[in-house]
Amino acid sequence: MLSVRPSVSRTVHTLDGIWDFRVDSDGAGMTDRWFAGPLADARPMPVPASYNEITTDLDIYNHVGLAWYQRDVLAPAIGADERLILRFGSVTHQGRVWVGDTEVAYHEGGYLPFEADITDLVTPGETFRVTVAVDNELRWDTIPPGYTETDAAGVKHRNYFFDFFSYAGIHRSVVLYTRPTHAVTDVTVTTALDGTVTWDVVAEGAEDVSVRILDEAGAEVASGSGATGSASIPNPTLWKPGAGYLYTLEIHADQDVYPQPFGVRTVEAKDSQLLINGEPFYFRGYGRHEDNIVRGKGHDTVLMVHDFEVMRWQGANSFRTSHYPYAEEVLDYADRMGFVVIDETAAVGLNLSMWPGELGDVPGRKTFSETTINEATQATHAAHIRELIARDKNHPCVAIWSIANEPESETDASRAYFAPLAQVARETDPTRPVGYVNVAMATPDIEKCVDLFDVVMLNRYNGWYVQTGNLALAEQELRKEIEGWIALAPGKPIIFTEYGPDTMIGLRDFQRRPWSEEYQEDMLGMFHRVFDSYPEVVGEQMWNFADFRTIPGILRVGGNRKGMFTRDRLPKSAAYVVRERWLAMRDRSSQDRKSGSAGMPRPI
Ligand code: GCB
């Protein structure tokens, strides 16, 4: 789906702000048709934001089921040949939308956009009512999967197989936009390093399609005609990590104009390297979360820009959108800032063996079975991969598709599940490497899926969940395992997509024990020393950029504390140590890299 971008033929009206809100505690909203009139007993709720922590009401924080949002909107004037589209950046996890009494959209999947053409339902100059029923329940056939249980007192509880709190609400911007009836509805842009730009535009009904390619100053550098075609930018400025140069493909389709930003760059996994523009790239950065005080998972421009400033301060050049697609604004900004992104689906928690007892699931239950993750889940997962790629395919920042985080991957059932999905990702986007993020239990001696993918992505906690506090032993185990992966998957680059201990800011310790700031320095340092001795390791994304809200549990103290920064983005002491390393890596000249004088030669 195209992002919303204003142009001479498209106007955008934001519907962000205060909406009316009510949780549906008794599950009466659908039968009582709450959409059919003003929402009774409503309270104010900001959009975009998670609703959970805006109020002090525990029933709202813990609510399971539907929550209703409503507001009146003034319909703008539109021309006879124009359409009016209502678009949601994301509604978590399911959203059903009415305009007046008419249902106009239903979307499953809490981290991707959807829209509805509402032209025929509204009258310009008059107000209309928009109602959204937000469903935060997960099912075995949703991505991510989960299930709801009702206890003896009749109270519903959600079960899901990941540690971050599953916030809900209207998490990203809601807009009304106009476009001509014959309009661009999709475009795929691909590039080659010699400046060849190829486009494939979908503009149903349009007779006349042409493109202009503009540089960052807005000057035309190439042009062409036809819904598909190619043109050449003379002496192109490449999109590079740290230098995110963007061109615009300005598409004209009859009366419509749609500006699609893109970068000239290539990406490839080859000879144990991840090549961007043919040059080896080394990932420095983090797995992150969309997580913030009060807003939960609500997108916020101020906090987004601040996060990028903090990441740049530290010398990071990349992150993973763990564990779901992030707001489109984040990818737009990463394009501009030259950050390299591992773009992940919301397929997290496809591994029931990890969730015994305390954190929820029934011991012994199988991950893949008719009554758990099954063919219906796989179909949802395939659709989700296609939707993600449709949304993000033109972002130069996206270097790898990660189709799942820590799924079961050591059984025949997991191979049968993932083989078709790897294929879906490849067919939908043949231009980028595809991978999944491997969990510690699926070691190279038993793993059964790695050959389906282009890269090896590993989450490892040696020194924390295993070999706790014993970094010497942890180092031995880690080295042994890396060597196992190199032997199992020769030629595939290895990226560490998680590593690091929980760390309480302010807990200082001469003995440098687990939970202290000193231990975080030591454990990250141990991993880095190990990475530096294997050229096949091409990236380090520590866990996590910042502390984040989790489900309650005895393994967490007020949330997950593995952040390099606290939840309000204050640096732990390791942040300074890692900064020194990352800035040195960033600044090392290509000459030094060739000579390898300062330790392992590292690409920028
Ligand atoms: C993991 C998961 C991540 C958790 C992390 C942890 O392996 O991928 O979602 O937050 O471990 O801290 O346990």
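The values are calculated or read from the model by the stated rules, or taken from the named source; none is laboratory data. Because the structure is a prediction, the values reported are computed rather than measured. So basically every Cβ, Gly included, is an ideal-geometry build from the backbone, and we count neighbours across all protein chains shown. Areas reflect the complete protein model, heavy atoms only, side chains present, ligands, DNA and RNA absent. Shrake-Rupley method; radii C 1.70, N 1.55, O 1.52, S 1.80 Å.
For the reader, a short list of remarks on this structure follows.
- The chain: relative contact order as a whole-number percent, Cα under 8 Å and 6+ apart: 12 percent
- Tensor-based shape of the chain (alpha-carbon gyration tensor, a/c under 1.5 rounded, otherwise prolate or oblate): oblate
- Those lysines that a straight Cα-Cα span of less than 25 Å connects to Lys156, excepting residues fewer than 8 apart in one chain: Lys297, Lys366
- Using θ = phi - 60° in the Karplus curve 6.51 cos²θ - 1.76 cosθ + 1.60, the 3J(HN,Hα) couplings for the stretch 458-466 round to 10, 9, 9, 10, 4, x, 10, 6, 10 Hz; x is entered for Gly and Pro.
- With DNA, RNA and ligands ignored, accessible area of Thr181 (1.4 Å probe; Å², nearest 10): 60 Å²
- Fraction of antiparallel bridges per DSSP, the chain only, in percent to nearest 5: 75 percent
- Shape category assigned to the stretch 13-74 from the gyration tensor of Cα positions, a/c cut at 1.5: oblate
- Long-range amide H partners of Ser272 with built H, under 5 Å: Gly491, Lys492
- Note on Thr31 and Ser573: the extension gain reaches 189.7 nm, defined as 0.36 nm multiplied by sequence separation minus the Cα-Cα distance.
- Environment charge at Ile293 (Cβ cut-off 14 Å; Lys +1, Arg +1, Asp -1, Glu -1): -2
- Electrostatic tally near Ala243: other residues with Cβ closer than 13 Å to its Cβ, Lys and Arg +1, Asp and Glu -1, net +2.
- Taken as Cα centroids, the stretch 440-456 and the stretch 305-353 sit 23 Å apart, rounded to the nearest whole angstrom.
- The H on the amide N of Arg83, modeled in the peptide plane, is under 5 Å from the matching H of Arg179, Thr181, each at least 5 residues off or on a different chain.
- Percent accessible area from carbon and sulfur atoms, the chain, protein chains only, probe 1.4 Å: 52 percent
- Each of Leu507 and Trp313 was given a label point 7 Å from its Cα along the Cα-to-Cβ line. The distance between the two points is 2.4 nm.
- Within the shell defined by Cβ-Cβ distances under 15 Å, the residues around Glu103 carry a net charge of -3, with Lys and Arg each +1 and Asp and Glu each -1.
- Here Lys270 is the anchor, and the lysines within straight C-alpha reach of less than 29 Å, apart from those fewer than 8 places off in the same chain, are Lys240, Lys393, Lys448, Lys480, Lys492, Lys594.
- Solvent exposure of Lys562, expressed as accessible area, is near 0 Å², computed with a probe of 1.4 Å over the protein chains only.
- Test item: Cα-centred dipole of the chain, Lys/Arg +1 and Asp/Glu -1 on Cβ, debye: 1660 debye
- Taking the stretch 553-580 and a reference point 7 angstrom along Cα→Cβ of Ile293, the backbone N atoms nearer than 13 Å belong to 566-571.
- Per-residue surface analysis assigns Leu121 an accessible area of about 80 Å², computed on protein heavy atoms at 1.4 Å probe radius.
- Contact order for the stretch 287-411, expressed relative to its length and based on alpha carbon pairs under 8 Å spaced 6+ residues apart, stands at 29 percent.
- Estimated 222 nm signal from helices in the chain, with DSSP H stretches of n ≥ 4 weighted -39500 (n - 2.57), rounded to 500: -6000 deg cm²/dmol
- The simple Förster model, with R0 at 35 Å and r as the Cβ-Cβ distance, assigns Asn62 and Thr198 a FRET efficiency of 0.10.
- Farthest positive-ward along the stretch 291-373 dipole, Cα basis, beta-carbon charges - from His306, Trp355, His323: Trp355
- The stretch 42-129: C-alpha gyration tensor shape, a/c 1.5 cut-off, then a/b vs b/c: prolate
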